[in-house]
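A.B. asks: My structure is below; once you've seen it, I'll send some questions.
We did not get these values from a lab; they are worked out from the coordinates using the rules stated. Nothing here was measured: the structure is a model prediction, and the numbers come from that model. Here the Cβ positions follow ideal geometry from the backbone for every residue, glycine too, while neighbour counts run over all protein chains shown.
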Amino acid sequence: MRFVGLLRAVNVGGRTSLKMADLCAAAEGLGYTKVKTLLQSGNLVFEASGKADALEKALEAALKRQCGLETDFVVRSAREVAAVIKANPFPTEATSDPGHLVVVFLKDRVMAKAVEAVQGSVRGREVVRHRGRELYITYPDGIGRSKLTGAVIEKKLGVRGTARNWNTVTKLAALVGAIPSAAPSIS
């Protein structure tokens, strides 16, 4: 099966540096095949057998062992990535402003009350919607200026996750065959 692995908080803002070649090597060391990365922010595409949660744990352990890096992985199958694309509650923004539409991929499911707490913490024009193990957020005034940060989201939800903008989500989806598209450049 094809999978997308998303690392949390690497190569962002000058913290937790990881070479993508090391990320690929860790995945290949686990026996995963057709391993590729997209961009420099911990986006991994690979083939493996097993369930996503077991693959997450294996990747986390491999990175700790081989690179001394402790961070979370969120893994989704190609089928799950296709479902994320299909469930997008912001189709207009996906076309008109994909850089400001973010999907937060969560490690676990969350309760409706936790999502309401995130929605209640919005101080700008951001809009938050929840589907399955993902939050979809539009940041019409920009992500960098928003008070709705990853730390705020995780605190309110009580669950860790990692965010990707819609451009990255669709490129990853194309790489795993979840949507038809021209293949993006990969490393």
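A.B. asks: Mind checking the dipole of the chain: about its Cα centre, +1 per Lys or Arg Cβ, -1 per Asp or Glu Cβ, Debye to the nearest 20? Can you show the working numbers first?
C.D. replies: Working: 28 positive and 17 negative charges, 48 e Å.
For this selection, approximately 240 debye.
A.B. asks: Within the chain, what is the longest stretch that has no trypsin sites (Lys or Arg not before Pro) placed in a DSSP loop and near at most 14 other beta-carbon atoms within 10 Å? Could you put the intermediate results ahead of the total?
C.D. replies: Details: sites that count: 19, 51, 109, 123, 125, 145, 147.
The longest such stretch corresponds to 52-108.
A.B. asks: How many nm is it between the label spots at residue 86 and residue 51, if each spot is 7 Å from the Cα in line with the beta carbon?
C.D. replies: In this crude spin-label approximation the distance works out to 2.2 nm.
A.B. asks: So, one more: In the chain, how does Rg compare with the Kirkwood Rh, expressed as the Rg/Rh ratio over alpha carbon atoms?
C.D. replies: On the way: Rg = 15.8 Å, Rh = 16.7 Å.
Result: Rg/Rh = 0.95.
A.B. asks: Further question on the same structure: Please report 35, 104, 81 as a ranked list, fewest other C-beta atoms within 10 angstrom at the top and most at the bottom. Walk me through the numbers on the way to the answer.
C.D. replies: Numbers: 35 19, 104 23, 81 26.
Starting with the residue having the fewest Cβ neighbours, the order is 35, 104, 81.
A.B. asks: If we count other beta carbons within 10 Å of each Cβ, what is the order of 30, 7, 157, fewest first?
C.D. replies: Exposure proxy ranking, most exposed first: 30, 157, 7.
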